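Structure record follows, encoded as structure tokens.
The values are calculated or read from the model by the stated rules, or taken from the named source; none is laboratory data. What you see is a predicted model; the values in this text were computed from it and never measured. Because the Cβ atoms are built from the backbone with ideal geometry, glycine has one as well, and the counts that use them run over all protein chains shown. In case anyone asks, the SASA skips ligands and DNA or RNA and just uses the protein heavy atoms, side chains included. Shrake-Rupley method; radii C 1.70, N 1.55, O 1.52, S 1.80 Å.
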Amino acid sequence: MNAAHEARHAGRQAWLRNHTQALHARLDSSAPLRALLQPGLTSVAYQRVMAAMYTAHAQVEPELLALDSARPPALPAYASRLTLISLEIARHNNDGTTVTPAHVGTALAPTHTFVSPADKRHALEAIISSQQQSRYLGLRYVLEGATQGSRFIQRSLQQHNPGLRVGPDSYWATLANNSNAWSCLCDIINDQSTDIDDAELLAGATLGFKIFINTFYSTAT
């Protein structure tokens, strides 16, 4: 069964969730995310986790924003989370120890380059547009999916590490309170009238997950 047929049969969001389940599980098993759910997290260790979060976002966001022209009009524009993460790091810098995110290089080169005869230009432009939109939606799926676990992380930090004073103005609370784009994204992905290249949708989500996985697994807490 090819990707398009399989996605139509299962529903695209369910299909995408199934095909990224192993990546999602590996990300959830990373030391930074596990640390957020366990007692004994010090302020400095929390800053390191958030620095890793910043580093990962600083790599994923340029990939996403480079494709913003292909964003479906119904989907709200993505708001960068880098400032929020920086504020969260600064808020917990109580002992004078500053933890800064790792240096982040420039965004990767565009994935697709097409050279076509003039008489095929419009058809190929439509293909490119569909591929770019699909990759955009895949990347956005990873970023917006994070809003769904943020309320759980907020409660865990408050319960297990009250000394960190993670309150209603925290990064996690802000993320949880701005999760409307997730529902909109799911509606677009599941809408059979949306022109989606399923292979590119999966490629975008895979890229997003792998950037977070590679960053978090190279981070010591």
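One table, with the values for the structure above:
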quantity	calculated
Total residues in the stretch 52-61, condition open to solvent by 10 Å² or more (accessible area, probe 1.4 Å) and aliphatic (A, V, I, L, M)	2
Positions within the stretch 54-71 being over 16 Å from L207 (Cα atoms) and hydrophobic (A, V, I, L, M, F, W, C), in sequence order	A70
Unique residue being over 21 Å from N180 (Cα atoms), part of a helix (DSSP H, G or I) and open to solvent by 60 Å² or more (accessible area, probe 1.4 Å) when the list is L23, L87, L33	L87
Close pairs (8 angstrom Cβ cut-off, 6 or more residues apart or separate chains): within 15 Å of Y78 (Cβ to Cβ) in the stretch 183-194, open to solvent by 60 Å² or more (accessible area, probe 1.4 Å) anywhere	C184/A74; C184/P76; I188/A74
Qualifying residues in the stretch 128-150 (those that are among the small types (G, A, S), closer than 26 Å to Y171 by Cβ and in contact (Cβ under 8 Å) with a residue 12 or more places away in the chain) - the one surrounded by the most Cβ atoms within 10 Å (Cβ to Cβ)	G138
Criterion violated by R151 - all others in (1) modelled with pLDDT of 95 or more; (2) over 13 Å from the mean Cα position of the chain (by Cα) satisfied	(1)
Residues located in the stretch 157-180, provided they are in a helix (DSSP H, G or I) and over 24 Å from the mean Cα position of the chain (by Cα)	Q159, H160, P162, G163, L164
The one condition in (1) modelled with pLDDT of 95 or more; (2) farther than 23 Å from L23 by Cα; (3) within 16 Å of the chain's Cα centre (by Cα) that G145 fails to fulfil	(2)
